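Colleague: Below are the structure tokens for one structure; questions will follow.
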């Protein structure tokens, strides 16, 4: 009976001692961790790394900006003329937007609206509207020098004579321009002026056309 009691006490003592080193080791690890500045610095460095990684990811997502790839341009024209028995006034507006695709290449839409008022003595005044919708591609050659091509559609009004006098007609035709120009901003962005000369191959090859295939343009740009 005494041996059984002694064995029970011995087993309980051994069981308690078996837990003592573990608790002591855990407490020692915690104390060493708190007392060791290298461990704390590692934790801080890891936290900073995670924050920088998140910031870097956000910055990478905002690297592309549509605004940085766009440039704007346009032209305004005024014209006056007169002849025997008539006079005319013209106003033109031609906005355009370009998207910088890669390197010197950009492309975009262009619209041109021309208004002409023609007054004939003794017959009255006629108002004519021409609208041109086109897509252009432009390539910078050197600094502000560029080559441009356009494909579009022109809807214009014109005057003709019949048995009843002067009447107004309307027609739609293709537009096929290729030309050369120079932008005085030297392709460095910001505000700039430009001049260009364009040739319409459709008009040039149409033997019935009365328009001049050569077109001279003056305009302003921003961001080109």
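The values are calculated or read from the model by the stated rules, or taken from the named source; none is laboratory data. Everything numeric in this text was worked out from a predicted model, so none of it was measured. FYI the Cβ positions are ideal-geometry reconstructions off the backbone, even for glycines, and counts take in every protein chain you see.
Colleague: Just to be sure I understand, how many residues within the range 192-224 are over 21 Å from residue 147 (Cβ atoms) and under 20 Å from the mean Cα position of the chain (by Cα)?
Modeller: Counting residues in the range 192-224 that are over 21 Å from residue 147 (Cβ atoms) and under 20 Å from the mean Cα position of the chain (by Cα) gives 0.
Colleague: Of these, 95, 104, which one is free of Cβ contacts under 8 Å to residues at least 24 places away in the same chain and under 20 Å from residue 190 (Cα atoms)?
Modeller: The conditions single out 95.
Colleague: Would you please name the residue that is nearest to residue 114 (Cα to Cα), looking only at residues in the range 175-209 that are in contact with a helix residue (DSSP H, G or I) (Cβ under 9 Å, 6 or more places away or on another chain) and surrounded by fewer than 17 Cβ atoms within 10 Å (Cβ to Cβ)?
Modeller: Here the residue is 209.
Colleague: Further, regarding this structure: If a residue has to be farther than 17 Å from residue 176 by Cβ and surrounded by 18 or more Cβ atoms within 10 Å (Cβ to Cβ) to count, how many in the range 105-125 make the cut?
Modeller: 5
Colleague: While we're looking at this one, here's another question. Restricting to the range 117-173, name every residue that is out of contact with any strand residue (DSSP E or B) (no Cβ under 8 Å at 6 or more places or on another chain), outside any strand (DSSP E or B) and either within 30 Å of residue 185 (Cα to Cα) or not assigned by TED's automatic domain parsing to the domain that holds residue 193 (or both).
Modeller: The one that is out of contact with any strand residue (DSSP E or B) (no Cβ under 8 Å at 6 or more places or on another chain), outside any strand (DSSP E or B) and either within 30 Å of residue 185 (Cα to Cα) or not assigned by TED's automatic domain parsing to the domain that holds residue 193 (or both): 143.
Colleague: Can you name every residue in the range 177-191 that is within 17 Å of residue 147 (Cβ to Cβ) and in a strand (DSSP E or B)?
Modeller: Scanning the range 177-191 gives 177, 178, 179, 180, 181, 182, 183.
Colleague: Still on this model: Report, ordered by the first and then the second residue, all pairs with beta carbons closer than 6 Å, sequence separation of six or more or different chains, a first member in the range 69-81 that is without any contact (Cβ under 8 Å) to a residue 12 or more places away in the chain, and a second member that is in a strand (DSSP E or B) and surrounded by fewer than 14 Cβ atoms within 10 Å (Cβ to Cβ).
Modeller: Here the result reads none, with nothing in the range 69-81 linked to a residue that is in a strand (DSSP E or B) and surrounded by fewer than 14 Cβ atoms within 10 Å (Cβ to Cβ).
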